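Written below as structure tokens is the structure these notes are about.
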Amino acid sequence: MVFEFSMGVWALLIVAVGAIVLGIVVQLIGESRTGYEWIITAIGGAIGAIVASEFIVSWQAYEPVFDGLALIPALIGGLVVGVVVGVATRLVTGGTYAGTPAA
């Protein structure tokens with residue numbers, strides 16, 4: 001089995017910008033204990049997008065594709081992994097999504 005990336009520079013830029021936006025949105029929802037949760041969420045979202053677009057071979061046929069990045073699978077993978085990582089990070093650091101401190 002040969003692993004190769006078909007993503008170009010513009011596709012990586014799209015993944016990075018999308019992951020940063022997801023991280024910032026998750027950071028602004030609720031009450032966070034640290035100011036750096038968005039970085040962990042962004043890294044999780046980027047990894048989810050790249051894995052869904054590049055390594056899940058059956059999803060690579062879905063259109064639209066931009067610069068080697070399957071956009072729909074990358075969007076779904078990035079959102080799912082990013083949100084799961086964001087929620088886990090928030091719970092581990094003691095933050096809450098309710099806007100009020102947890103008991």
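The values are calculated or read from the model by the stated rules, or taken from the named source; none is laboratory data. Everything quoted here is computed from the prediction, not taken from an experiment. In this analysis, Cβ positions are derived from the backbone assuming ideal geometry, glycine residues included, and neighbour counts consider all displayed protein chains.
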Could you check the range 82-98 and list, in sequence order, the residues that are farther than 14 Å from ILE43 by Cα and crowded, with 17+ Cβ neighbours inside 10 Å? ARG90, GLY95
Just the residues that are more than 15 Å from VAL92 (Cβ to Cβ) and either among the small types (Gly, Ala, Ser) or not in a helix (DSSP H, G or I) (or both), please, taken from the range 18-43. GLY18, ALA19, GLY23, ILE29, GLY35, ALA42
Among (1) closer than 17 Å to MET7 by Cα; (2) at pLDDT 90 or above, which single condition is VAL80 missing? (1)
Near pairs, Cβ below 9 angstrom, 6+ apart or cross-chain, from the range 19-37 (at positive phi) to any residue that is surrounded by 14 or more Cβ atoms within 10 Å (Cβ to Cβ) and part of a loop (DSSP other than H, G, I, E, B): GLY30/GLY95; GLY30/TYR97
Can you pull out the residues in the range 1-18 that are buried (at least 16 other Cβ atoms within 10 Å of the Cβ), at pLDDT 85 or above and of a type outside the set (Val, Ile, Thr)? ALA11, LEU12, GLY18
Considering only residues that are at pLDDT below 95, more than 13 Å from VAL83 (Cβ to Cβ) and either buried (at least 21 other Cβ atoms within 10 Å of the Cβ) or in contact with a helix residue (DSSP H, G or I) (Cβ under 6 Å, 6 or more places away or on another chain) (or both), which ones fall in the range 19-37? ILE24, ARG33, THR34
